[in-house]
Structure formats: C-alpha cells, structure tokens
Amino acid sequence: MNALLSIWTWVEVGLVALVGFFVQLFLLIVTFLFDKRRYVVGRCFRLVGVTAAKLTPFWRFGVHGPVPDRVAPNTVVVSNHESNADCFLISFLPWEMKWLGKRSLFKVPVVGWMMGIAGDVPVERGDRDSATGAMARCKAWMQKGMPVMIFPEGTRSKTDELLPFKDGAFRLAIEMQADVLPLAVSGTRLALPKHSWRFATSRGLVTVGTPISTKGMTLDDVETLKTRARAQIEALRATLKPLTGGAAPVPATDTPAAP
C-alpha cells in the first residue's frame, strides 16, 4: 500500500509542479521588466511547493509559533536539514528568499527550471570556484533587498544529530554585515528519507528564531557566529520534537501557513 500511495504522490507532485511551471513562466513574462528581485516568480515557486505538500496524503506540515510577515532584506536565513521535504516545509513561511542549492537539483526537469526562474542559486558541492561564484550571487540578491536561505550543514543529516556547520553562510553574513536568522525544522526526516523514493507519514513543523546581528563583527568572529546560530537551532528543534514525534498532540497555537 505504501508503494502505491508513494507512486500516486509522485504523480501528484509532478502534476502540481508542471502546472506551477507554466503559471510561473507566464508570471515571468508579465513581470520581467519591473520585478528585478524576481519576487513574484519566487513566491509562485514556493506556493507551488506548499500546494504539493498540502495535497500529499502522507504529510501534515505547518508553522509553529510566531512568525514575522517579512524579514529584513539584508538577512541570511539558516536552518538544519533533515530531508528533501524541508524545502516544502520551509516554503510555508510567508516571505520570499533566494535559496542556495546543489547544482544537480537545477538539472531536474520542471523543478530545476522553476528554481532557476525563481532566482535560486546553484552551487557545485566541493568546488571552490563554484562556491565563490554562488556567494557572489547571494551578495547580489541581498544588495537588491532579497534575503537568502542556506543550509549550513551543506547536506541532509543521516541521523538526528546536526552535522558540522560550514563557514559560508556566516562569512557571507559578516561580509554583508547582515542579520543571521535561524530556523529549525523537525519531523521531516521520515517524510522523504534520504536515498529512498517512498514517502512516509510525517508531522513536520518549522519555527523561526531571533535574528543575530553581525554589526561590528569581522571574519575572526565566524566561529562565534556559527556557535550562536547552532545553539539557537538546537534549542528551537528541542521545542518542536515533542510535537512532531507522533505521540504528542499538536497544540492549537500552531499556525497554518498562508496559501
């Protein structure tokens, strides 16, 4: 039964993505000359992800706790990374940001095209030149008033423990004197397990932390900034785990994301 439902879910996700692609392409044509931040096509892409998640029979995703309607333009958003479903879950947040993602995802038909149209930034893992170019593109988006979203672990953790954080997001924040905004996700690890095509029942939640200012910091403070962001993500995750474990009920304070 799981295999059949998983196949149906992949078909559903594919159809939603295909329809969303043509909507996004139309919006790109309409807004290209005046929407230099690609806000409209970016939000379209995120809402396609939200729609696909809501139609997936295995998933109950939402936002926990207070969430700002917008974040400061000069912000680097960072989050732990449990599975490919994290992107669907974080898209429930009500603001647009450009995502740093591995280049191979941009080669996936339809979804990869939509990432490119949205303005997301590809990076080749382990390639220094690619990383340098990707950081330059992130800076360009921030200079246009668009926050960026980075998973500092660099890849999905195979266990419940956070992987070591890479420096890139924090160097970028300090160089731009930008805020670092920690997020935490929980409950998505089984939603779409790493190296598996089968979906699983999942209660996924994302919560938003407190911005960390980098004003006055230098690159000597990268480790301090990483430590502060990691500690906040760990604390945020701890608040979510009792709500996403399956046994504990989800309180009414959870706020569903706006479609």
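The values are calculated or read from the model by the stated rules, or taken from the named source; none is laboratory data. Note that the coordinates shown come from a computational prediction; the quantities given were computed from them, not determined experimentally. Glycine also receives a Cβ, built like all others from the backbone with ideal geometry; neighbour counts cover every protein chain displayed. Each accessible area value is taken on the protein alone, full model and side chains, heavy atoms only, with ligands, DNA and RNA left out. Shrake-Rupley method; radii C 1.70, N 1.55, O 1.52, S 1.80 Å.
Structure data summary
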{"read-out": "Tally, over the range 129-157, of residues that are small (Gly, Ala, Ser), open to solvent by 20 Å² or more (accessible area, probe 1.4 Å) and modelled with pLDDT of 95 or more", "value": "3"}
{"read-out": "Tabulated pairs, the range 109-128, first touching a residue at least 40 places away in the same chain (Cβ under 8 Å), second assigned to a helix (DSSP H, G or I) and among the β-branched types (Val, Ile, Thr), C-beta under 6 angstrom, 6+ apart or interchain", "value": "117/41; 118/41"}
{"read-out": "Hits in the range 29-55 (condition: under 22 Å from residue 189 (Cβ atoms) and within 18 Å of the chain's Cα centre (by Cα))", "value": "46, 49, 50, 52, 53, 54"}
{"read-out": "One residue from 189, 230, 198 being open to solvent by 60 Å² or more (accessible area, probe 1.4 Å), in contact (Cβ under 8 Å) with a residue 60 or more places away in the chain and in contact with a strand residue (DSSP E or B) (Cβ under 9 Å, 6 or more places away or on another chain)", "value": "230"}
{"read-out": "Subset tally (residues that are farther than 24 Å from residue 65 by Cα and either assigned to a loop (DSSP other than H, G, I, E, B) or open to solvent by less than 40 Å² (accessible area, probe 1.4 Å) (or both)) for the range 208-224", "value": "6"}
{"read-out": "Those residues of the range 173-197 which are farther than 19 Å from residue 209 by Cα and either modelled with pLDDT of 90 or more or in contact with a helix residue (DSSP H, G or I) (Cβ under 6 Å, 6 or more places away or on another chain) (or both), in sequence order", "value": "175, 176, 191, 192"}
{"read-out": "Any chance residue 116 is among the small types (Gly, Ala, Ser) and at positive phi", "value": "no"}
{"read-out": "Contacts under 9 angstrom Cβ, first residue in the range 77-90 being touching a residue at least 40 places away in the same chain (Cβ under 8 Å) and under 19 Å from residue 230 (Cβ atoms), partner polar (S, T, N, Q) and open to solvent by 10 Å² or more (accessible area, probe 1.4 Å), 6 or more apart", "value": "81/155"}
